[in-house]
Amino acid sequence: MESLKDKIIMERLPEHIAVIMDGNGRWAKEKGKMRVFGHQHGVDAVRNTTEACAELGVKYLTLYAFSTENWNRSSFEVDALMSLLTNALKNELKTLNDNNIRLNAIGDLKRLPKLQYDALMYAIDNTKNNTRMTLTLCLSYSGRWELVQAVKNIATEAKNGTITPEQIDETLIGNHLATAGMPDPDLLIRTSGEERISNYLLWQIAYSELYFTTKYWPDFSKEDLYEAIINYQNRERRFGKTSEQIKK
Ligand code: FPP
């Protein structure tokens, strides 16, 4: 079968893809099922997307798995998402290692129940020497939460005299974010037809290309990812310069 994969220009792959996995609830509702059913199938899309990115050679994949605001959902749904997380960590750990993928997590992880926190730390430690791709799960994460933490830490360092206010620049701020050491996302994908950022990677997506698809997350396939990458490759990234300057 013909695949869109063949149309991807391998020399111009996005180094970092970030995804807002949206639409699990609506996907389930359309099928007359409970929201949790959508999340369960969302895990399959996580697996497919991770596999496709690793196969292509994408170095960083960052997934919005649970936002700070998601704590406000019903305890039934929160509990279900938490058990999906532990199950996925348990079931996929071997696959992550077999495929040389490093697991990472960012967010207010201390808010996670102990079971999930411990399972996460175990999987992170167990995959820490893998080098093919870094898969970052954003859990109990929001961009504003992350910026507040960074500002607090920078203020504390300034107060202690470790840094001076004059030393505060974009690099220093970037180094105080949860994503320190990672390149900014080149491509941000959001599924389900919503066209919002929803408090995701606010600092890091300053120059990311945004791609929206109406597919619900559980239906997002490898071919959908290839389509997003091809769309990205057809854009001209100018970073504030003119088209003529870029082509020089
Ligand atoms: C958004 O759909 C999705 C989430 C809030 C959770 C994403 C979780 C998964 C894909 C499964 C667990 C992930 C891992 C990494 C094990 P929504 O519920 O907001 O859908 P709606 O907008 O249609 O209501």
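For the reader, a short list of remarks on this structure follows.
- Only listed residue being among the hydrophobic types (A, V, I, L, M, F, W, C), away from the ligand (no atom under 14 Å from the Cβ) and surrounded by 15 or more Cβ atoms within 10 Å (Cβ to Cβ), chosen from Leu139, Leu147: Leu147
- Single unsatisfied condition, Thr214 versus (1) farther than 30 Å from Leu109 by Cα; (2) within 16 Å of the ligand (Cβ to nearest atom); (3) open to solvent by less than 70 Å² (accessible area, probe 1.4 Å): (3)
- When Thr131, Thr50 are screened for being among the β-branched types (Val, Ile, Thr), open to solvent by 40 Å² or more (accessible area, probe 1.4 Å) and either on the phi > 0 side of the Ramachandran plot or touching a strand residue (DSSP E or B) at 6+ places or on another chain (Cβ under 9 Å) (or both), only Thr131 passes.
- If you check Leu115, Leu103 for being within 12 Å of the ligand (Cβ to nearest atom) and modelled with pLDDT of 95 or more, only one passes: Leu103.
- Verdict on Ser83 being hydroxyl-bearing (Ser, Thr, Tyr), more than 18 Å from the chain's Cα centre (by Cα), modelled with pLDDT of 95 or more and loosely packed, with under 13 Cβ neighbours inside 10 Å: no
- The condition of being assigned to a loop (DSSP other than H, G, I, E, B), modelled with pLDDT of 95 or more, exposed (fewer than 14 other Cβ atoms within 10 Å of the Cβ) and of a type in the set (Ser, Thr, Tyr) holds for only one of Thr179, Thr156, Thr162, Thr171, that being Thr162.
- Single condition Glu92 does not satisfy, out of (1) touching a strand residue (DSSP E or B) at 6+ places or on another chain (Cβ under 8 Å); (2) open to solvent by less than 70 Å² (accessible area, probe 1.4 Å); (3) among the charged types (D, E, K, R): (1)
- Pairs linking a residue in the stretch 225-248 that is loosely packed, with under 14 Cβ neighbours inside 10 Å to a residue that is among the polar types (S, T, N, Q) and at pLDDT below 95, with Cβ atoms under 8 Å and 6 or more positions apart or on different chains, are Glu236/Ser243; Arg238/Gln245.
- Condition met for Thr62 (part of a helix (DSSP H, G or I), β-branched (Val, Ile, Thr) and in contact (Cβ under 8 Å) with a residue 12 or more places away in the chain): no
- Checking every residue in the stretch 189-208 against the condition of being surrounded by 17 or more Cβ atoms within 10 Å (Cβ to Cβ), in contact with an Asp or Glu (Cβ under 8 Å, 6 or more places away or on another chain), acidic (Asp, Glu) and in contact (Cβ under 8 Å) with a residue 12 or more places away in the chain gives zero matches.
- Subset of the stretch 36-47 (residues that are surrounded by 16 or more Cβ atoms within 10 Å (Cβ to Cβ) and more than 8 Å from the ligand (Cβ to nearest atom)): Val36, Phe37, His41
- Glu157 satisfies every condition listed in (1) touching a residue at least 12 places away in the same chain (Cβ under 8 Å); (2) out of contact with any strand residue (DSSP E or B) (no Cβ under 6 Å at 6 or more places or on another chain) except (1).
- Filtering the stretch 7-35 to residues that are away from the ligand (no atom under 16 Å from the Cβ), out of contact with any helix residue (DSSP H, G or I) (no Cβ under 9 Å at 6 or more places or on another chain) and not in a loop (DSSP other than H, G, I, E, B) leaves Glu11, His16.
- Scanning the stretch 53-69 for residues that are open to solvent by 30 Å² or more (accessible area, probe 1.4 Å) and within 12 Å of the ligand (Cβ to nearest atom) turns up Ala65, Thr68, Glu69.
The values are calculated or read from the model by the stated rules, or taken from the named source; none is laboratory data. Keep in mind that what you see is a predicted model, and the values were worked out from it rather than measured. Neighbour counts are summed over all protein chains in view; Cβ atoms, including those assigned to glycine, are modelled from backbone coordinates with ideal geometry. Only protein heavy atoms, including side chains, enter the accessible area calculation; ligands, DNA and RNA are left aside. Shrake-Rupley method; radii C 1.70, N 1.55, O 1.52, S 1.80 Å.
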